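What follows is a short report on a single structure.
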Amino acid sequence: MNRRKITFLMLALSAQLFVFSQKKTIVDGTISQKNQAIANLDVQYDYYKEQALQIWNFAEVGYKEVKSSSLLKKVLLDQGFSIDSGVAGIPTAFVATYGSGSPVIGILAEFDALPGLSQDATPEKSSLGGIAGHGCGHHLFGVASAASAIELKHHIEKNKISGTIKVFGTPAEEGGSGKVYMAREGLFNNVDVVMHWHPDSKNEANPYTSLANKTAKFRFKGTSAHAAASPQNGRSALDGVETMNFMANLMREHIPSETRMHYIITNGGKAPNVVPDFAEVYYYMRHPRRDVLMGLFDRLVNAAEGAALGTGTKMEYEIIGGVYEVLPVDILSRHMHENLSKVGGVTYTSSEVEFGNKIQQSFIGEKPSMTDAAKIKPYRELSDDNRSGGSTDVADVSWVVPTVGLRTATWIPGTPSHSWQAVASGGTEIGTKGMMVAAKTLTLMGIDLLSDKTIIEKAKMEWKKARGEDFKYIPLIGNRTPALNYRD
């Protein structure tokens, strides 16, 4: 081999070694930054626990979360975020912003409670005397999101890098479709990636989709009369509701098996001896595909109209909420899974294990091991097996911007959401420990997005392909204004 070739090979090898060295320096630097972020959040644990438990005590239902929203805004305002309040026509919604330039990273923050779930932080069913409780753990959700945003703010400051962090305070996830109004107003249009998380009884960051959902209140109006002396002069609005429900239940045999349809009678009259002139029923209709859902909902409306015709009453309905199915992005989920695996799960103390064993005594279903809270579920690609059985307004966000989430163990393993057991766990350090796993994971994922913009580029390519070139976002709520009193 001549001298010229040897020189060329040596130069090429030197160049490769230089590139490798540079990449290793970047990787080592990122690892160091992540470790520091985790340490910083550990130092702030007591502070964030206090904020979460305050919101747990507030337990405010959708669109009524005045104290909860104010607390989160103050936490962010104290750390230098600018706050835009009352966005999208919703008094408790807000956008908190820090930084400038790209990438723009959004973090969702929920904080609404569920009606009918007032519960003390004890392993036995014991109401606190309130009207609501955090059976879905949104008091943890909002605080972990704020904690992550603040740590990412420090990361931008310390490293003097470009980047914008936006925290979206999103009210009324539980049936109120708060994010849908925010998406309709274009609040997510200039965001590169949105992150979120959700309380659970396990730790995972697998891609998932959900059930599209359309909800409505059907109101029947009739004619009152004495139920014994002159029933022939009455037309019962409750008969209209019950007839609609009967027909809806007959529909179940003739709709796709993956459909979910449920209702409650919110007003059935005031006294048995008065033919009720007003009655109301509140329906949820769900399906994995929103196009199929729309046809099913139309059939439900036909049932309501038929019920009114047959009972001599009048019917009108109000759309309360409507959400898409979640659009997952695999590349983002893989990165989130890697970061969750680095953070690890939740380890219980002996007293927390004792608490958990007592909680599990009330379970109808299986009772997983307490050690499951320390485990991270293996990564798996999207399939019917990891399709969520619920619905969420995060879905609409996922169709207007690439979105990624995770779930962490904030409840005793095996705990069903929307239960008194979930409220009880969420009011203890069982909940706040899991909350901080989420805060750390979101922060590490945010550092990745700020450090390596190719992740965002690849994610957008995957997302656009999955969404389709001709996609146009049309919210299922139509043009209605936010249903601010839907919990009344």
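The values are calculated or read from the model by the stated rules, or taken from the named source; none is laboratory data. All figures in this text were calculated on a predicted structure; none of them were measured in a lab. Methodologically, a virtual Cβ is constructed for each residue, glycine included, from the backbone with ideal geometry; neighbour enumeration extends over all protein chains shown.
Observations on the model:
- Filtered residue count, the stretch 223-242, keeping only those that are touching a residue at least 40 places away in the same chain (Cβ under 8 Å) and out of contact with any strand residue (DSSP E or B) (no Cβ under 9 Å at 6 or more places or on another chain): 2
- Of the residues making up the stretch 166-189, those that are out of contact with any Ser or Thr (no Cβ under 7 Å at 6 or more places or on another chain) and not hydroxyl-bearing (Ser, Thr, Tyr) are Phe168, Ala172, Glu174, Gly176, Val180, Ala183, Arg184, Glu185, Gly186, Leu187, Phe188, Asn189.
- Filtered by the rule that a residue be surrounded by 15 or more Cβ atoms within 10 Å (Cβ to Cβ) and free of Cβ contacts under 8 Å to residues at least 40 places away in the same chain, the stretch 268-291 gives Gly268, Gly269.
- Asp192 surrounded by 16 or more Cβ atoms within 10 Å (Cβ to Cβ), in contact (Cβ under 8 Å) with a residue 12 or more places away in the chain and within 30 Å of Met336 (Cα to Cα): yes
- Residues in the stretch 383-439 that are among the charged types (D, E, K, R), part of a loop (DSSP other than H, G, I, E, B) and within 12 Å of the chain's Cα centre (by Cα): Asp393 only.
- The set of residues in the stretch 425-443 that are basic (Lys, Arg) and crowded, with 24+ Cβ neighbours inside 10 Å contains only Lys440.
- Strands (runs of 3 or more DSSP E) contained in the stretch 78-170 and holding at least 3 residues closer than 16 Å to Ile447 by Cβ and in the same structural domain as Ala424 (by TED's automatic domain parsing): 104-109, 163-169
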